[in-house]
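> The structure under discussion is supplied below as structure tokens; questions concerning it will follow.
The values are calculated or read from the model by the stated rules, or taken from the named source; none is laboratory data. Just so you know, these numbers come straight off a predicted model, no measurement behind them. For neighbour counting, all protein chains shown are included, and Cβ atoms are generated from backbone atoms with ideal geometry for every residue, glycine included.
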Amino acid sequence: MDTLTYAQQIIEELQRSISQLDHQEAERMAELLLQSNKVFVAGAGRSGLMGRAFAMRLMHVGKEAYVVGETVTPGIEPGDVLVLGSGSGETKGLISMAEKAKGVGAEIIAVTIAPDSTVVRLASYVVKLPGSTKDQASGGYSTIQPMASLFEQTMLVFYDAVILRMMEKTGQTTKQMFGKHANLE
């Protein structure tokens with residue numbers, strides 16, 4: 001199979017994956033983020049990279065957003081939200097973050113494949129995404145892609161859709177958001 005055929009199959013997998021998202025979970029997440037004070041985003045590996053992209057767009061849409069672990073990230077407090085992206089929901093560092101956030105009274109949103117995971121049990125809100133875990137042993141979703149690629153891609157598309165919904169709810173435009181784009185590049 002050639003590269004473009006693989007690309008087409010990836011797009012087809014993403015379309016199937018996106019069609020399985022829960023409308024109410026997505027709406028609750030957008031609303032909670034709009035109501036929050038600060039938003040903290042975390043994930044490990046490629047899930048963490050998708051989270052970093054989401055944190056950037058949250059900042060563009062006017063939220064005070066931080067990536068957990070950065071030197072300029074403040075402490076989490078009541079009224080804040082921690083968004084954890086984790087396929088397995090069992091990453092030790094993310095569990096620790098969830099426990100700390102819960103302990104101070106912050107809300108936790110788990111974006112995951114695994115609705116029965118530790119991170120989900122600690123979360124206030126859950127968004128279940130289709131896909132397979134890194135070893136493709138769980139998730140129940142068939143994919144031609146390696147490891148958790150489909151989950152991570154679905155996560156990025158979902159995060160961008162949440163941003164679009166937040167823009168709609170606040171009446172923001174891309175032009176307004178561009179005013180918050182980095183200008184020291």
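> Restricted to the range 29-58, and to residues that are of a type outside the set (A, V, I, L, M, F, W, C) and not in a helix (DSSP H, G or I), which residue is surrounded by the most Cβ atoms within 10 Å (Cβ to Cβ)?
Per the criteria, the residue is GLY43.
> Hey, among VAL39, VAL68, which residue is closer than 24 Å to SER149 by Cβ and at pLDDT 95 or above?
Just a single option satisfies the conditions, and that option is VAL68.
> How many residues are assigned to a loop (DSSP other than H, G, I, E, B) and more than 14 Å from TYR159 (Cα to Cα) when one looks only at the range 17-28?
Counting residues in the range 17-28 that are assigned to a loop (DSSP other than H, G, I, E, B) and more than 14 Å from TYR159 (Cα to Cα) gives 1.
> I would also like to ask the following. Inside the range 1-42, can you point out the residues that are of a type in the set (Val, Ile, Thr) and either in contact (Cβ under 8 Å) with a residue 60 or more places away in the chain or under 30 Å from GLY62 (Cα atoms) (or both)?
Correct list: ILE10, ILE18, VAL39, VAL41.
> Inside the range 59-93, can you point out the residues that are part of a loop (DSSP other than H, G, I, E, B) and among the β-branched types (Val, Ile, Thr)?
Within the range 59-93, VAL61, VAL68, THR71, VAL72, THR73, ILE76, THR91 qualify.
> Restricting attention to the range 13-33, report how many residues are among the aliphatic types (A, V, I, L, M) and over 15 Å from the mean Cα position of the chain (by Cα).
1
> For the range 59-70: of the residues being surrounded by 18 or more Cβ atoms within 10 Å (Cβ to Cβ) and not aliphatic (A, V, I, L, M), which is nearest to the chain's Cα centre (by Cα)?
Only one residue tops the list, namely TYR66.
> Tell me which of these ILE144 doesn't satisfy, since it passes every other one: (1) modelled with pLDDT of 75 or more; (2) in a loop (DSSP other than H, G, I, E, B); (3) of a type in the set (A, V, I, L, M).
Result: ILE144 fails condition (1) only.
> Taking interchain pairs and intrachain pairs at least six residues apart, which have beta carbon atoms under 6 angstrom, with the first residue in the range 71-100 and in contact (Cβ under 8 Å) with a residue 60 or more places away in the chain and surrounded by 15 or more Cβ atoms within 10 Å (Cβ to Cβ) and the second part of a helix (DSSP H, G or I) and among the hydroxyl-bearing types (Ser, Thr, Tyr)?
GLY85/SER47
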